[in-house]
Structure formats: C-alpha cells, structure tokens
Amino acid sequence: MARGLSPREGRPAGRLEVGRVKNLASLSRPRLLFAAAFLAVVGLLGYGLWLQHALHLEPCPMCILQRYAFALVGAVALVAALHNPGALGVRIYAGLLIVAALAGGGVAARQTWLQHNPPKLADCGPGLEFMVESFPLSEALPMIFRGSGDCSKVDWTFLGLSIAEWALACFIGLVLLGILLLIRARTTPR
C-alpha cells in the first residue's frame, strides 16, 4: 500500500475527513433548506388536516388563515427548491418566505392572545367562507381578526401549548430560517 493512503479505500488518509465536512456543509445549501421548509410545512398541514378529519376539530377562521399562510410559505419554499437560485434569487425567495411567515405568525399571535384573553361574550361568529362571500374584504378582515368565541376556544394541547401557540412557534422558526438564508446569501460571493 502506498504511503498516506487509507487501507480501505485506497485514497489519501486525510481526504475522507474532508469529504465528511463537505457533506455536512452541503446540508446548509439553500436548496436543501428550502426543501426542508417545504417538507415541514407539508407535515404541518397534513397534521392539521388529520386533527380536523380524524379528531373532528373544526378550524376557526383564524386557523384557516394560518393554513393559507403555511401553504404560501410551502409554495415559496417548493418553487425556490426546484429553481435552485443564485444569491439574488435566494434573497428574493427568503424575503417572500419571511413575509408569508410573518403574516401567519401575526394571525397565530392574535389567536394566542384571544385564547389567553377570551371575549366576554363567547359567541361563535360566522365562518370564514360566509364572511368573505358576504362582506367586502375591508369589512371581512377586521371581523376575522376580532375573533369569535370559536377562535378563543382551546380544544387541543400538546406539552401545554395550543394549536395556535404551536403554529406561532413554527412561524417563528420559518422566519428564522428565512433570516438564515438571507445571511448566507449575503455572504455568498456574487
């Protein structure tokens, strides 16, 4: 065997370690991070649908808006992962991901606040579909964010957190991922 070669692979002994570091570094490539975000969102939406159909937990208007925000984040992440953009494209996609996650996080934060400070009159308001079809958007959005008794009700918890609180944590994680992607794109040579 030649000097400096690994006995098993017949390669230089130090090369194996460098290859491992390269593979770990490749895990933080923007394409893989966007793909991971997409898969996470698909999992979250799938779990939400399972809660709705298997456990019969009907989503309130704010829950539905959070689902739309998750779907938008997932769509941006999927397009970004398929596109595999350069530094400028990563910044654009990361910015869109952050905006969508902030919008969803805002709705989740408002619902969390409603759950901890429920309205005095716990009257279940009309559904999201009825509000959007019956009122102009300028009137429907304030009614949605005002929340109903339905939006302040906690039907399910895990580790002491409600669905809205878990959604808020996930949106915060997605915003942090977007910020990480922005930082990495900024340090990537043009």
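The values are calculated or read from the model by the stated rules, or taken from the named source; none is laboratory data. What you are looking at is a predicted structure, and each value in this text was computed from that prediction instead of being measured. Quick reminder, even Gly has a Cβ in these numbers, built from the backbone with ideal geometry, and neighbours come from all protein chains shown. Just so you know, the surface numbers come from the protein's heavy atoms only, side chains and all, with ligands and any DNA or RNA stripped out. Shrake-Rupley method; radii C 1.70, N 1.55, O 1.52, S 1.80 Å.
Just read off the accessible area of ASP155 with the full protein assembly in place, 1.4 Å probe, to the nearest 10 Å². Rounded to the nearest 10, the figure is 90 Å². Note on GLU133: accessible area approximately 140 square angstrom, rounded to 10, probe 1.4 Å, nucleic acids and ligands left out. Spin-label pair ILE172-TRP113: with each label point 7 Å from Cα along the Cα-Cβ axis, the two points sit 1.6 nm from one another.
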